[in-house]
1. Once amide H atoms are placed 1.01 Å from N in the peptide plane, what residues at a sequence separation of 5 or more from residue 395, or on another chain, have their amide H within under 5 Å of its amide H?
2. Quick one: Karplus J couplings for the range 317-330, per residue in order, coefficients 6.51, -1.76, 1.60, θ = phi - 60°, nearest Hz, x for Gly and Pro?
3. Please arrange 365, 288, 99, 306 by counting, for each residue, the other beta carbons lying within 10 Å of its beta carbon, fewest first.
4. Determine, for 151, 390, the number of other Cβ atoms within 10 Å of each Cβ, and report the residues in order from fewest to most.
5. Students often get this wrong, so check it: of 217/364; 169/438; 103/194; 305/364; 262/290, which have C-alpha atoms separated by over 27 Å?
6. What are the residues whose amide H is under 5 Å from the amide H of residue 388, where those residues sit 5 or more places off or on another chain and H is modelled from the backbone?
Amino acid sequence: MQAMSSPRPHIPLLEAIKASSPPTTPTGISYLGSVHILFNHPPTGKSSRVQRKNAAMLDGDDTDSVSSSSTSRSDQMVRNGGEDVHTDKDSVLDQCLDDLFEKRGSTREKALAGIIEAFSNNLPHEFVEKKFATMLHQCLNSIKKGSAKEVALASRAIGLLALTAGSGKKAEEILEESISPISEALKSRFESSKTASLLDCLAVIAFVGGNEEETDKCMQIMWQVVHPKLGPNVCIYIYFINLFDFFIALYFFFEFQVVATKPSPPVITAMVSAWSFLLTRMDGWALDPKSWQGSISYFTSLLEKDIRSIRIAAGEALAIIFEIGNLKNFSIQDATPIEGLKAKFLNQVRNLSVEAGGKGSAKKDLNNQRNTFRDILEFLEDGYSPENSVKIGGESLTTTTWCQLVQLNFLKRFICGGFIKHMQENEFLHEVFNFTPKKSLLSNGDHVSRTEKRMYKSPNSALNKARTQYLNKQRLLSQASLSLKSVLNLM
């Protein structure tokens, strides 16, 4: 009889249902936690639940769950126009972020693709403000443990996160937390696409959040991908030949060979491009002459390679060096005089600017090479840097230096189709290029661009697929809540 008069232990559940949000798990009600896990976070084992809990703690301002189950939010997604896009963007990013906790690699890859699509074509500042640390943490986990494809996707997502956050504490934290994992991943020497993506990521996060010292450190990490530090290993090798038998020396020989693995052409191109991109940021900063002595000689040697992408990247790197000046910081002392290096470079540039196409050569690559080295030749002989203009809405973004041109081309390639959107709304890029976009006559809340419509309305887009999964989950959760409420009313 006492049990009949005691209050029922299900009241927290009724209150949770009335609040239209996923109920937290009260002690003593085992099935309540099961419903929450089943419909809000698919069961992926104890480790995944612990990861979600820890990741949520990283975002101090993150008051919402990674995947909210508010029915009012689901109702908002039915509306059309700007609010529809805004709500879809938030919910889809939440779902993609939630999927980064899954054990299946293909699921994480799809989630990263959705995040990249969203960050490329929009600037989700509210999402970054709330879920910044969780996204960074999960992307770094993908870099540490994922496949080559997942690493490439995660690298690009981190770079876009830094560009969206802009300069400040968040960008500094991204760089600080990412340098070590990216550096370790670069040592693994897997697929060229993975290495190139890591180099691009390191370049972008250092460009946005790095100071003089940190940027120089990142440039050295890039340099070591193509030029490993072989000095200590060589000394050990010679030392042991003199002291131990042949087999011990042979062991160190093979260890030396592993370190000196020859990088592939795409990796060389990616390294030189990323290094040059960061060098443009060092313009006016004090460079340590000990770090980059001999770089001019190395880049001029790359001009003799058969791969045109390597030639173009090396030519642009040398153009930036000559534009910045202080050539003694980039040349070996007591070696070839600076005037001799410049004369050699000038002769190479003349030849490459008029090179004839050989059998089987791609016409587009040949034209790109000719145009690039014609611009370099004019710069070396007459002092004129190439002018380039890009239409951004109703305004023109014009570059007048080699540093600006390399920055523009690198960021256009990294952001891809979303570059115009970022140039219109990204304040960090406005500062970089000293660009003021033309104000739109319509407010952002009333205007939906064709790119946004394609992103969120196309049934084939990764974001739309993720949105469908999110809505299905909301529907299941709503049905479960109604079922539980009916059961409790009968008790």
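1. Result for residue 395 returns 438.
2. So the Karplus estimates, Gly and Pro as x, are 4, 5, 4, 5, 4, 5, 6, 5, x, 6, 4, 5, 6, 10 Hz.
3. Numbers: 365 15, 288 12, 99 23, 306 8.
Ordered by Cβ neighbours within 10 Å, fewest first: 306, 288, 365, 99.
4. Details: 151 27, 390 16.
By the 10 Å Cβ count, ascending: 390, 151.
5. Values: 217/364 35 Å; 169/438 29 Å; 103/194 21 Å; 305/364 18 Å; 262/290 24 Å.
Over 27 Å apart, Cα to Cα: 217/364; 169/438.
6. 399
Rule-based calculations on the coordinates, nothing more; no lab input. Nothing here was measured: the structure is a model prediction, and the numbers come from that model. Because the Cβ atoms are built from the backbone with ideal geometry, glycine has one as well, and the counts that use them run over all protein chains shown.
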